[in-house]
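The values are calculated or read from the model by the stated rules, or taken from the named source; none is laboratory data. Given the structure is predicted, the values throughout are model-derived calculations rather than measurements. Cβ sites come from the backbone with ideal geometry, for glycine too, and all protein chains shown count toward neighbours.
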Ligand SMILES: [Ca+2]
Ligand SMILES: [Ca+2]
């Protein structure tokens, strides 16, 4: 009985070895691992009801790939708005659409039924930007779906390497704006002057952050803040300073 069991096991092992892909002859840099990782997120539109989160994903392939598949899944009260695709190192590239399943919280590109999604040449870095809307104070947890992230080289196809690729992006409840940035654009410019004049004289919407609007540090928001900004922008005056409105 035992000998028959051992014989069966040996058969199974022999079959598995016979079925294993030959990785050595397909990837010229077999020992140079491909890689994929999330980059550092950045925030935009921080004064809107939802913050725009730009999350980069870097993917390096050292071998020509004629098909790539990736799939992400996220959790939290976030929405994926769009996915941008960049390819560096080669002009010989093609890229087609990315599917965003907002009900299922999934992003995916490429499949066996929709090949030729991305075609990087050898030694090419793909660069994705996953762009989300995330409520203030919320977190976006996102990860690669196991077995749904690979290049078409046999090694990665049979043994996906990227099963633990995941990250969590925390979005602050409040953001500290740059001094003088009355309109929350991310910088102090002439548009902040227009915003302040509109607010003070024409009943325009109030600044998102009174301290950011208090460009001259007088502890109140008045026309002198607009004057301070004009002096700074056009006449070499001192830069806006942190406000002190309580
Ligand atoms: Ca501004
Ligand atoms: Ca002021």
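Has the range 192-208 got at least one residue that is within 27 Å of the chain's Cα centre (by Cα) and under 16 Å from residue 44 (Cβ atoms)? Yes, the range 192-208 has at least one match. Being out of contact with any helix residue (DSSP H, G or I) (no Cβ under 9 Å at 6 or more places or on another chain), in the same structural domain as residue 71 (by TED's automatic domain parsing) and at pLDDT 90 or above is a description that does not apply to residue 100.
Out of 212, 182, 188, one residue alone is assigned to a helix (DSSP H, G or I), within 33 Å of the chain's Cα centre (by Cα) and within 10 Å of ligand 1 (Cβ to nearest atom). It is 212.
When restricted to residues that are loosely packed, with under 14 Cβ neighbours inside 10 Å and away from ligand 2 (no atom under 11 Å from the Cβ), the range 205-222 contains 2.
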